Amino acid sequence: MAPGSRTGPLRRGVEAGDRAKVAAVLGVQVADEDARLVLDPRGLAFQRLEWQGDSALDAVVALHRWASPPCCAHQGTSDLVSDAALAVSAERAGLAELMDWRPEPSRLADAVETCVGAGWHVSVQAAVTVVQRLVHADVLLADVLPRPDEAEMSDSLRCDALAAPALVGSAVMEASAATTSTRRRPWPGGRGPPQRAAGAPARRRAGAAGGGGLGLAAGCGLHPHHLLDHVQARVGLVSVVHGLAAGLVEADRLW
Ligand SMILES: [Zn+2]
Ligand SMILES: [Zn+2]
């Protein structure tokens with residue numbers, strides 16, 4: 001079958017055989033509704049799950065890359081999760097074979113993100129398994145578990161040392177925002193998911209709090225961007241030291 005797009009009614013459901021095939025490729029049993037979107041990657045529900053998976057993938061990869069140097073130091077995160085890289089992964093893992101139709105590479109890449117989202121709906125651990133299978137084999141469950149040996153958080157939250165933890169925190173906050181949005185907030189007018197909206201509430205919160213509770217040093221600049229760095233760095237450090245699940249709880253408090 002040549003790659004292309006498809007019109008017509010969306011697939012309505014999955015049967016036991018489909019369920020087992022999806023589980024074999026993803027490495028985890030996912031909800032039937034999510035398995036349906038893996039098999040027929042079209043429509044609004046697919047876009048929502050893709051958005052969730054995209055942000056979950058970024059959070060898992062950010063924590064994986066925390067170790068310095070990471071196994072994938074020769075690659076940027078954007079190389080690891082580029083459309084081209086994900087499409088190749090999808091072919092290699094047999095994801096493309098599963099589908100009802102043969103999507104083009106960009107949609108195949110979206111489908112990989114959807115698979116991560118389907119795993120994320122099961123658990124953080126399940127999402128890690130999907131990332132391991134479909135994106136980057138060196139990702140480990142340990143990457144998202146607590147790392148009590150990491151540096152004292154207070155030392156790592158100095159104004160001039162925020163960049164690395166803020167990178168992780170930003171990804172965790174996006175994943176939290178996507179989870180919150182897709183579960184609790186229907187998008188007005190049936191439009192697609194909001195893009196890159198995660199920073200705004202944090203900025204509001206940082207501004208409203210005036211930095212309170214963030215352990216800001218005397219003389220810390222109160223520019224909103226810098227305060228956002230502090231918020232992100234705090235979420236990032238919680239995620240690293242106490243694990244991704246704890247980081248998500250910290251990020252959830254921001255919404
Ligand atoms: Zn790596
Ligand atoms: Zn500061």
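Computed on the Cα atoms alone, the convex hull of segment 42-147 gives a volume of 88 cubic angstrom per residue.
With r as the distance between the Cβ atoms of L140 and A84 and R0 = 30 Å, compute the FRET efficiency 1/(1 + (r/R0)^6) and round to 0.05. Between A84 and L140 the formula returns 0.75.
Residues in segment 109-118 carry Karplus couplings, in order, of 5, 4, 5, 4, 4, 4, 4, 5, x, 5 Hz; the curve used is 6.51 cos²θ - 1.76 cosθ + 1.60 with θ = phi - 60°, and Gly or Pro positions show x. For A35, the shell of other residues with beta-carbons less than 11 Å away shows a net charge of -2, using +1 for Lys and Arg and -1 for Asp and Glu. Each of the peptides 5-13, 96-104, 74-82, 36-44 was scored by the mean count of other Cβ atoms within 10 Å over its residues; in descending order, highest first, they stand as 36-44, 96-104, 74-82, 5-13. The peptide list 17-25, 114-122, put in order of mean Cβ contacts within 10 Å with the highest first, becomes 114-122, 17-25.
Values in this text are rule-based calculations from the coordinates and carry no lab data. Predicted model, so just to flag it, every value in this text is computed and none were measured. Backbone-built Cβ (ideal geometry, glycine too); neighbour counts: all protein chains shown.
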